[in-house]
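Here the structure comes first, spelled out in structure tokens, and everything after it is commentary.
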Amino acid sequence: MTKGNHNSPDLKSGKGSKDFSKYFDFSDAKVISEEEGKITYRIKGRNVQINSQPDYKEGKRRGKEEIEVHYDFEIPEEMQNFGVDKYYHITTYGCQMNEHDTETMKGLLEQMGYKSVDDRNHADLILLNTCAIRENAEDKVFGELGHLKNLKIEKPGLLLGVCGCMSQEEGVVNRIMSKHGFVDMIFGTHNIHRLPHLIKEAVFSKELVVEVWSKEGDIIENLPKKREGMRAWVNIMYGCDKFCTYCIVPFTRGKERSRRPEDVIAEVRELARQGFKEVTLLGQNVNAYGKDFTDIDYTFGNLMDDMRLIDIPRIRFMTSHPRDFDDKLIEVLGKGGNLVEHIHLPVQSGSTAVLKKMSRKYTREAYLELVRKIKISVPNAVLSTDIIVGFPGETDEQFEDTLSLVREVGYDMAYTFIYSPREGTPAAAMEDNVPMSVKSERLQRLNDLIKENSRIINDRMLGEVVEVLVEGESKNNSEVLSGRSRANKLVHFEGPKELIGTFVKVRITDTKTWYIKGDIVAEAAAVH
Ligand code: SAH
Ligand code: SF4
Ligand code: F3S
């Protein structure tokens with residue numbers, strides 16, 4: 001059904017994988033059997049069946065081939081009841097894209113009869129949906145695998161899978177094969193729909209099954225999804241073609257490909273019909289949406305304009321790239337309505353020289369000009385951002401440029417990170433003369449500034465009335481309800497549980513750095 005690279009690895013030479021030898025002693029590996037698209041090796045006492053494994057070179061290639069959209073996905077008949085009386089547990093790391101992939105895997109597993117269980121000691125199937133964005137994200141997963149080894153020893157029938165972005169990395173797959181051979185499945189972000197097949201192969205062969213396609217041109221439309229709560233995620237595009245020099249995502253998520261507008265619109269309409277109150281349109285770069293269409297001229301601005309016509313109270317999007325933020329989009333966002341005025345606009349650095357080294361393809365001035373235009377056209381626009389400190393060679397002066405940009409824009413919120421080298425990316429080969437102590441200090445200074453900013457912005461809201469979607473009881477106090485404003489501010493207030501899932505108006509009475517408190521003024525009947 002789907003194409004993908006079925007690159008057969010050559011373990012002895014390490015071909016197809018740059019640093020195969022880094023973790024692995026190939027003299028151990030013996031070929032047991034070989035058939036088309038599948039090789040089985042004996043590695044450290046365990047059979048490893050490799051259908052395909054990651055290949056950065058292949059992953060980097062962006063073909064011009066047509067994107068095929070499939071509407072005919074089905075779980076194989078023999079697997080349709082495979083999960084009856086069995087339990088699954090999925091641990092998800094990383095971004096919303098991964099969270100949403102987990103919803104798809106849950107949907108697939110539940111269609112197979114599996115039930116979800118919170119306590120993983122009671123699970124028959126455990127999946128780690130991993131993130132590769134920074135080294136500490138990966139360390140967590142390797143730590144977790146250490147714990148799971150004991151569980152596997154106690155319960156040999158337990159099926160263990162590693163999926164998500166780390167599985168797309170050449171070095172990671174090798175490291176798992178050589179050091180964590182008790183894992184049963186490793187599959188990539190393009191192989192999620194193959195989960196029922198992979199479970200079958202792993203269970204019946206008792207081998208470690210590896211299936212990671214590095215390159216993917218297809219979209220599979222009708223995968224089941226298990227959504228919870230009142231806010232839903234909807235993918236509008238997959239992959240990323242930007243290749244910022246520090247970033248692993250273009251390798252782990254493949255080339256940019258947009259879902260057809262009619263499919264996105266139908267899904268959002270259906271979510272509205274089911275009673276969801278908020279939809280977040282997802283993509284690594286949502287405003288590159290539609291650039292890959294060859295038959296229609298339809299961009300993210302057009303899609304947002306169409307979203308306004310759907311009877312759902314709130315539409316958000318994650319994440320937009322400053323370079324692709326065109327005037328059409330600004331104009332449509334200015335129309336408001338169900339398009340909320342919160343824009344997450346990652347800047348990464350306030351220095352044009354650093355932005356150039358990052359290959360972000362905009363300057364400090366262009367970013368500030370974009371912010372100015374947004375603030376003029378979108379009344380009360382609230383901006384948040386992502387920033388990396390300590391990029392290779394970042395000088396004190398360049399870091400000061402980031403601080404001054406943060407002051408100038410006045411972000412409500414920002415995610416800040418110390419640069420983490422990712423193997424295979426261009427930045428990993430750049431000379432880095434900034435000591436870790438300096439990077440940590442910069443991060444601290446930046447965080448202090450952002451905190452100060454947020455506090456000032458929140459204080460300005462005192463006495464204002466905001467519309468809140470009530471999501472549930474506050475984590476620490478069941479008397480208190482919590483929800484989000486249109487600008488995505490966390491709001492706490494007292495009220496009856498019956499309000500959960502509705503919109504209320506709240507007058508702000510007290511502000512903290514990361515949330516605000518208030519009193520209910522009225523239910524906001526108009527947006528029900
Ligand atoms: N597509 C989004 C970013 C997704 S990754 C965008 O382009 O805006 C989320 C954030 O992680 C990035 O915005 C960046 O700030 C951070 N990040 C990505 N790679 C990183 C690395 N190698 N080291 C530190 N932070 C990184
Ligand atoms: Fe990574 Fe840049 Fe793509 Fe964002 S736009 S996912 S930072 S390569
Ligand atoms: Fe991480 Fe993959 Fe998302 S690397 S941030 S889970 S796209």
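When the helices of the chain are scored as -39500 (n - 2.57) per DSSP H run of n ≥ 4 and the total is divided over every residue, the value at 222 nm lands at -9000 deg cm²/dmol. Residues 514, 233, 213, ranked from the fewest to the most other C-beta atoms within 10 Å, line up as 514, 233, 213.
Run the numbers for residue 429 and residue 110: contour at 0.36 nm per residue of separation, minus the present Cα-Cα distance, in nm.
On the way: separation 319, 0.36 × 319 = 114.84 nm, distance 4.41 nm.
Here the segment from residue 429 to residue 110 would lengthen by 110.4 nm.
Round to the nearest 10 and give me the degree value, 0 to 90, for the angle of helix 364-377's Cα axis relative to the longest principal axis of the chain. Here the helix axis deviates by roughly 60 degrees. Among 117, 470, 340, a tally of other beta-carbon atoms within 10 Å of each Cβ gives an order, fewest to most, of 117, 340, 470. Determine, from the Cβ-Cβ distance of residue 222 and residue 522 and an R0 of 45 Å, the FRET efficiency 1/(1 + (r/R0)^6), rounded to the nearest 0.05. The formula returns an efficiency of 0.60 here. Cross-link reach is defined here as a Cα-Cα straight distance under 18 Å, omitting same-chain residues fewer than 8 places apart; for residue 335 the lysines meeting it are 373, 375. Relative protection proxy for 499-507, 84-92, 123-131, 386-394, from highest mean packing down: 123-131, 386-394, 499-507, 84-92 (other beta-carbon atoms within 10 angstrom).
For each of 325, 142, count neighbouring Cβ atoms within 10 Å of the residue's Cβ, then give the residues from fewest to most.
On the way: 325 22, 142 15.
Fewest-to-most ranking of 325, 142: 142, 325.
Pairs of Lys residues in the range 390-528 are counted when their Cα atoms are under 13 angstrom apart and they lie 8 or more places apart or on different chains; the count is 4.
In terms of distances greater than 19 angstrom between alpha carbons, the cross-link table entries 242/291; 44/152; 115/225; 38/106; 149/226; 152/179 yield 38/106; 149/226.
Taking amide H as placed 1.01 Å from N in the peptide plane, residue 233 has its amide H under 5 Å from the amide H of 280, each at least 5 places away in sequence or on another chain. Determine which residues of the range 247-270 fall in the zone a paramagnetic label at residue 309 would reach in this model, i.e. backbone nitrogen under 12 Å from the point 7 Å along Cα→Cβ. Correct set: 262, 265-266.
Scanning the chain for cysteines with no neighbouring cysteine C-beta under 4.7 angstrom from their C-beta gives 95, 131, 163, 165, 240. Counting only alpha carbon atoms, the long axis of helix 96-111 and the longest principal axis of the chain meet at about 60°. Which loop-located trypsin sites (Lys or Arg not before Pro) does the range 139-212 contain, where loop means any DSSP state but H, G, I, E or B and the Cβ has at most 14 other Cβ atoms within 10 Å? Here the trypsin sites (Lys or Arg not before Pro) that fit, given the DSSP loop and packing criteria, are 206. Against the longest alpha carbon principal axis of the chain, how many degrees, from 0 to 90 and to the nearest 10, is the axis of helix 170-179 turned? Value to nearest ten degrees: 60. Mind checking which aspartates and glutamates have their Cα closer than 18 Å to the Cα of residue 57? Skip sequence neighbours fewer than 8 apart in that chain. Residue 57 reaches 10, 19, 65, 169, 170, 211, 216, 241, 256, 423.
List the relative contact order of the chain as a percent without decimals, with contacts defined as Cα pairs under 8 Å and 6+ residues apart. Relative contact order for the chain comes out at 10 percent. Highest average first, the peptides 363-374, 161-172 ordered by how many other beta carbon atoms sit within 10 Å of their residues are 161-172, 363-374.
Each reported figure results from applying straightforward, stated rules to the coordinates on display, with no laboratory input. Bear in mind the structure is a predicted one, so any value in this text is a computation, not a measurement. Please note: Cβ atoms are built from the backbone with ideal geometry, for glycine as well, and neighbour counts cover all protein chains shown.
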